[in-house]
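A short worksheet on the structure shown next.
The values are calculated or read from the model by the stated rules, or taken from the named source; none is laboratory data. Computed from a predicted structure; not experimentally measured. Cβ placement follows ideal geometry from the backbone for every residue including glycine, while neighbour counts extend to all protein chains displayed.
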Amino acid sequence: MTRHLSRLWPVVLLVLLLTGCTSASQLAPIDPNRGIWDKYFVYPLSETLNWFAELLWGQYGLSILVVTIIIRLLILPLTLKQYQSSKKMQELQPELKKLQQKYKDNVQKQQEETIKLFQKHGVNPYAGCLPLLIQMPVLIALYHAIMRNDKIAGHSFLWMQLGAPDPFYVLPLIAAATTFLQQKMMSSQMNAQMRGLLVIFPVLIFVMSMSFASALPLYWIYSNLFTIVQTYFIYGGYRNKGGQAK
């Protein structure tokens, strides 16, 4: 269960963005006095973006890059924990299948023996869920900090106006391509159903990026590139050593 959730978190995030974060014009200005969400999550991130932009010659495109890297580095220990939990669950799959076959006519006994197996090997099947739950509000808060920051909307970066969609669709194409590459690198860890996301998810990203302000697909591209590098070192490194931890 945890292993499948760890692959589905981008989809869950996408659904949350679609249902609660449609466009910059529909989002209220950031108000640090308007509740816990804005005060402790969105406002600090927005001010951090402003601070880095001042250091980086007023370039909010570079500020988004720096803040994205910082946040991804901060949650990296959680990502590693999630991987370790997934790895342990993978190692137990043969024994779990044996239990399912042995007690296929007795679900209660199957559950009892499964719990005993987890306890014997010190595995918590829900350990990987905590990192996901922590990452979600942070990533959604960063989305709000970008899309509800008026200073970002008024700035340009390279050929694009950060507060408006990319008129040449270059960002949507790059966002979709990096999403596809990210998912492709993870394909060996996915089941057949999850591999369907290799096409579906990049297409959704492309379609949404066509209408979103350029700041958001820019953030997606930065985040995807970080994930690609991270995946290479975590999963690629393990595979290159025959599945042994470094």
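Within the stretch 142-169, being surrounded by fewer than 20 Cβ atoms within 10 Å (Cβ to Cβ) and not hydrophobic (A, V, I, L, M, F, W, C) holds for Asp150, Lys151, Gly154, His155, Ser156, Gln161, Pro165, Pro167, Tyr169. Might you let me know whether the stretch 21-35 holds any residue that is modelled with pLDDT of 80 or more, crowded, with 16+ Cβ neighbours inside 10 Å and under 24 Å from Arg148 (Cβ atoms)? Yes, some residue in the stretch 21-35 is modelled with pLDDT of 80 or more, crowded, with 16+ Cβ neighbours inside 10 Å and under 24 Å from Arg148 (Cβ atoms).
Before we move on, is Val123 surrounded by 14 or more Cβ atoms within 10 Å (Cβ to Cβ) and out of contact with any Gly (no Cβ under 9 Å at 6 or more places or on another chain)? So Val123 passes the test. Filtered by the rule that a residue be part of a loop (DSSP other than H, G, I, E, B) and in contact with a Phe, Trp or Tyr (Cβ under 9 Å, 6 or more places away or on another chain), the stretch 155-166 gives His155, Trp159, Leu162, Pro165, Asp166. If the condition is being free of Cβ contacts under 8 Å to residues at least 24 places away in the same chain and surrounded by 15 or more Cβ atoms within 10 Å (Cβ to Cβ), then the stretch 98-120 contributes Leu99, Tyr103, Gln110, Glu113, Thr114. Would you say Ser86 is of a type in the set (Ser, Thr, Tyr) and closer than 30 Å to Ile146 by Cα? Considered against the rule, which asks whether it is of a type in the set (Ser, Thr, Tyr) and closer than 30 Å to Ile146 by Cα, Ser86 comes out as no.
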